[in-house]
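Report on the structure given below.
The values are calculated or read from the model by the stated rules, or taken from the named source; none is laboratory data. These figures come from a predicted structure and were not determined experimentally. Don't worry about glycine lacking a Cβ; one is built from the backbone with ideal geometry, like all the others, and counts go over all protein chains shown. Ligands, DNA and RNA are excluded from the accessible area calculation, which covers all protein heavy atoms including side chains. Shrake-Rupley method; radii C 1.70, N 1.55, O 1.52, S 1.80 Å.
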Amino acid sequence: MPINTLSDLADPEANPCLVIKVGSSLLVDDDGVRTVWLNGLVGEISEARRRGQNVIVVSSGSVALGARTLGFDKGGRGSLADAQASAAVGQIALSGMWAQLLGNHGLTAAQMLVTLMDLEDRRRYLNITATIERLLDAGVVPVINENDSITTQELRFGDNDRLAARVAQAAGASSVLLLSDIDGLYDRHPKEPGATRLEVVKGITPEVKAMASTESNSGMGSGGMVSKLQAVEIAAIAGACVVIGNGFHERPVERVMGNRDAAGVGTLFLPRRRRGASKPGARKVWLGGRLRTKGKIVIDDGAMKALVHEGASLLAKGVIDVDGRFRRGDPVSIISSEGTIIANGLSEYDAKEIAAIRRLHSNEQQDVLGYAPRSSVVHRDLMSIKYVPPQV
């Protein structure tokens, strides 16, 4: 039973596992922890568990909490050292707070701190998947955050929107609820007259991306609408839907899902698949969700159509250009001539070899390579489609 409307999020059959992302500005304000609001949210998590739904929480807030304790200005983000120290102090308070509040409802909390590389590395990704699965089987509510005490700007998610989507992939979750400071996606900046909230969006198109704003109303968090749309794209690879809703209300989950007295308020993003495509396997889900690759392969329109519409492998004939230094077996991004990331995959060649055989038919490649060419540059079994053009 698929999710088609916001109200379906409350149905355990349609939505057996929900990831709830809570931003920093929802947890902490100028007066400290927003305890009353947080108690209400934990009550809603307890209700979801009683309905038979598994819940995973992706919680920001460690830096903000730690900065208050340490007396650091700029919310603890004045420097990398301040942010890391703030996170180290604040994470204790954050995990203890979740454990206590969930415990008040008879629920056990588990803390998991992850880094970008934990989810980019295949073996570590599988370890995370196994841990989450065992925790959910045991009736535990995992509370997950990026390990900001050791991450650097170059090796981090940058916001918990994308982390929540990657966690949903690893957990096999059916949906992700991004609680933020806005009711959803609007057809223009929400401050403009006549701005209209979109209730359901199917697939992220260039037109949808054009509606996104990089601003965050609160100024405390690190994510904006652009990062949320990136989270939508990541979650969609695993077949999970994403909902953007405003957390600055009492019982925010119910407000998003709706009830007998009111319709839900939020934007539901449904994953869009190419016609006839089956749900990708676990390895393709991991590949498609990667945020870092070793290089880029630019392809022409014919190759893009073959990959997306026909589920074909990428052949050298369709390659326009190569960027980066990578070796056979490394993860690469496959990009359209217009710069859109079409897929991620594992390369069958080194970057220099692809550059040498690009635009060549298979019967022309042996003379260049000095050996019989492989069947493809990136095989379809080692490729995950990330973007489906509207016309396909």
Subject >> Options V298, V319; residue that is surrounded by 22 or more Cβ atoms within 10 Å (Cβ to Cβ) and either out of contact with any Phe, Trp or Tyr (no Cβ under 8 Å at 6 or more places or on another chain) or within 20 Å of D121 (Cβ to Cβ) (or both) >> reply: V319
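Yes/no matrix, rows are residues, columns are (1) within 26 Å of Q169 (Cα to Cα); (2) among the hydroxyl-bearing types (S, T, Y); (3) at pLDDT below 95:
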| residue | (1), (2), (3) |
| --- | --- |
| T69 | no, yes, yes |
| S79 | no, yes, yes |
| A83 | no, no, yes |
| G90 | no, no, yes |
| G103 | no, no, no |
| G106 | no, no, no |
| Q111 | yes, no, no |
| T115 | yes, yes, yes |
| L119 | yes, no, yes |
Original post:
Looking at A195, A164, A173, which one is part of a loop (DSSP other than H, G, I, E, B) and touching a residue at least 12 places away in the same chain (Cβ under 8 Å)?
Top reply: A173
**OP:** Look at segment 77-124 and say how many of its residues are small (G, A, S) and touching a Phe, Trp or Tyr at 6+ places or on another chain (Cβ under 8 Å).
**Re:** 4
Original post:
Name the pairs: first residue in segment 126-150 and free of Cβ contacts under 8 Å to residues at least 60 places away in the same chain and outside any helix (DSSP H, G or I), second residue buried (at least 20 other Cβ atoms within 10 Å of the Cβ) and of a type outside the set (A, V, I, L, M), Cβ to Cβ under 6 Å, at least 6 apart or on different chains?
Top reply: E146/F157
Subject >> Failed item, numbered, when E250 is tested on (1) more than 30 Å from S25 (Cβ to Cβ); (2) acidic (D, E); (3) open to solvent by 60 Å² or more (accessible area, probe 1.4 Å); (4) within 26 Å of the chain's Cα centre (by Cα) >> reply: (1)
**OP:** Determine which member of the set K279, K352 is closer than 27 Å to D121 by Cβ and modelled with pLDDT under 90.
**Re:** K279
**OP:** State the number of residues belonging to segment 160-181 that are under 18 Å from G61 (Cα atoms), buried (at least 24 other Cβ atoms within 10 Å of the Cβ) and either modelled with pLDDT under 90 or of a type in the set (D, E, K, R) (or both).
**Re:** 4
Original post:
Across segment 327-350, what is the total count of residues that are hydrophobic (A, V, I, L, M, F, W, C) and open to solvent by 10 Å² or more (accessible area, probe 1.4 Å)?
Top reply: 3
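Matching residues to (1) over 18 Å from D181 (Cα atoms); (2) crowded, with 20+ Cβ neighbours inside 10 Å; (3) modelled with pLDDT of 90 or more; (4) of a type in the set (D, E, K, R):
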| site | (1), (2), (3), (4) |
| --- | --- |
| P2 | yes, no, no, no |
| A14 | yes, no, yes, no |
| L18 | yes, yes, yes, no |
| G52 | yes, no, yes, no |
| D73 | yes, no, no, yes |
**OP:** Considering only segment 64-98, state which residues are touching a helix residue (DSSP H, G or I) at 6+ places or on another chain (Cβ under 6 Å) and closer than 24 Å to A110 by Cβ.
**Re:** A64, L65, G66, T69, S86, A87, V89, G90, Q91, A93, L94
Original post:
So which residues in segment 25-47 are under 17 Å from H249 (Cβ atoms) and small (G, A, S), if there are any at all?
Top reply: S25, G40, G43
**OP:** Check off (1) among the hydrophobic types (A, V, I, L, M, F, W, C); (2) open to solvent by less than 40 Å² (accessible area, probe 1.4 Å); (3) more than 24 Å from G32 (Cα to Cα) for M117 and give me the number that stays unchecked.
**Re:** (2)
**OP:** Say whether the condition of being under 27 Å from the mean Cα position of the chain (by Cα) and part of a strand (DSSP E or B) is met by at least one residue in segment 347-363.
**Re:** no
**OP:** Keeping to segment 3-37, report how many residues are without any contact (Cβ under 8 Å) to a residue 40 or more places away in the chain and part of a loop (DSSP other than H, G, I, E, B).
**Re:** 5
Original post:
Within segment 64-78, is there a residue that is assigned to a helix (DSSP H, G or I), touching a residue at least 12 places away in the same chain (Cβ under 8 Å) and at positive phi?
Top reply: yes
**OP:** Sort out which residues of segment 89-109 are surrounded by 18 or more Cβ atoms within 10 Å (Cβ to Cβ) and of a type outside the set (G, A, S), and write them in order of number.
**Re:** V89, Q91, L94, M97, W98, L101, L102, L107
Original post:
Can we say R134 is open to solvent by 20 Å² or more (accessible area, probe 1.4 Å) and within 20 Å of T293 (Cα to Cα)?
Top reply: no
**OP:** Please report, ordered by residue number, the helices (runs of 4 or more DSSP H) entirely within segment 238-341 with at least 3 residues that are without any contact (Cβ under 8 Å) to a residue 60 or more places away in the chain and of a type outside the set (S, T, Y).
**Re:** 301-310
Original post:
Based on what the data block shows, is A372 in contact with a helix residue (DSSP H, G or I) (Cβ under 7 Å, 6 or more places away or on another chain) and open to solvent by 40 Å² or more (accessible area, probe 1.4 Å)?
Top reply: yes
